[in-house]
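Participant: Have a look at the structure that comes next, please.
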Amino acid sequence: MSYEQIKYEAKDGILTITLNRPDKLNAFTGKMLSELLDAMDRADRDDDVRAIVFTGAGRGFCAGADLSGGANTFNAENRGSVDPGLDGHRDGGGLFTLRLYECLKPTIAACNGPAVGVGVTMQLAMDIRLASDAARYGFVFTRRAIVMEACSSWFLPRLVGPQQALEWVMTGRVFPAEEALRGRLVRSVHKPDELLPAAYALAREIADNTAPVSVALNRQMIWKMLGADHPMEAHKIDSKGIYARGKSDDVKEGVTAFLEKRPARFPMKVSTGMPSYFPWWTERKFS
């Protein structure tokens, strides 16, 4: 697929996906959704991609849904059966965050400006969120008479706690990056010209020092265990992982490199090296 509303730029193991409608503050459309879903599939297939950084073109990250459709923007019955990326009445933002949830690569949001509605909820499913001090966030749904979307009622309270989530969602107000930091929505706040370098430094640390298969497994273990009802579920999957990885070529290299005091060169790839028990959550049971 060729992209019109996003940019896909991979270099030295780091993929940058840029929302690219700067004249519209990168407002979210069905076409952008289709391109993002395709980009995620492409990134997961590419073993050279070790980390993904998301940002926005121009002065905004994403101004939310494109409201150019007027009063019927959110009326699914007026979209017709050919609306790109939608399946019946399923929420488009949710299709993207569900895809992020299943991603095999670490994802980093570099929020460079305003991020409201789906512009902020899409970031909740990313692993780490950095913000420019020019960033502004808003869960504005109650001010548009709609409800939370993009699975944010699942992600947001897990990230910031129910009290903070409820305040931001019920008021629908737009708030600055410093409040997002205090509320634990973002990891750090940076000057605008320091935001992407900080995101790339984090991505670089992952790309240069870690085993891709282990990163993919640990990412999924943390996300999937958020829904577990007992630590025994974590123990089961920990045990499977330690057993499978413990006899792998990656672990042999990791230990040898440590003993020889040199950088490790992990041989295994995500495309071919995932253990046989993966993906374990599709069965919801363990032998």
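The values are calculated or read from the model by the stated rules, or taken from the named source; none is laboratory data. Just so it is clear, the model here is predicted, and its values are computed rather than measured. Here Cβ is always computed from backbone atoms with ideal geometry, including for glycine, and neighbour counts include all displayed protein chains.
Participant: Of all the residues that make up region 200-220, how many are assigned to a helix (DSSP H, G or I) and in contact with a Phe, Trp or Tyr (Cβ under 9 Å, 6 or more places away or on another chain)?
Facilitator: Counting residues in region 200-220 that are assigned to a helix (DSSP H, G or I) and in contact with a Phe, Trp or Tyr (Cβ under 9 Å, 6 or more places away or on another chain) gives 6.
Participant: I've got another one for you. Give the number of residues within region 98-137 that are in contact with a Lys or Arg (Cβ under 9 Å, 6 or more places away or on another chain), in a strand (DSSP E or B) and basic (K, R).
Facilitator: Looking only at that region, the number is 1.
Participant: So which of R143, R90 ends up being closer than 30 Å to M225 by Cβ, loosely packed, with under 15 Cβ neighbours inside 10 Å and free of Cβ contacts under 8 Å to residues at least 40 places away in the same chain? Steps first, please.
Facilitator: Working: R143 fails: closer than 30 Å to M225 by Cβ.
Going through R143, R90 in turn, just one is closer than 30 Å to M225 by Cβ, loosely packed, with under 15 Cβ neighbours inside 10 Å and free of Cβ contacts under 8 Å to residues at least 40 places away in the same chain: R90.
Participant: In this structure, is L36 under 22 Å from D193 (Cβ atoms), out of contact with any Asp or Glu (no Cβ under 9 Å at 6 or more places or on another chain), surrounded by 22 or more Cβ atoms within 10 Å (Cβ to Cβ) and in the same structural domain as F96 (by TED's automatic domain parsing)?
Facilitator: no
Participant: Please go through region 149-190 and give me each residue that is among the charged types (D, E, K, R) and more than 24 Å from L15 (Cβ to Cβ), ordered by number.
Facilitator: Hits for region 149-190 are E149, R158, E167, R173, E178, E179, R182, R184.
Participant: May I ask you to list pairs of residues, at least six apart or on different chains, whose Cβ atoms are under 6 Å apart, with the first in region 161-173 being at pLDDT 95 or above and the second being β-branched (V, I, T)?
Facilitator: Correct list of pairs: G172/V140; G172/T142.
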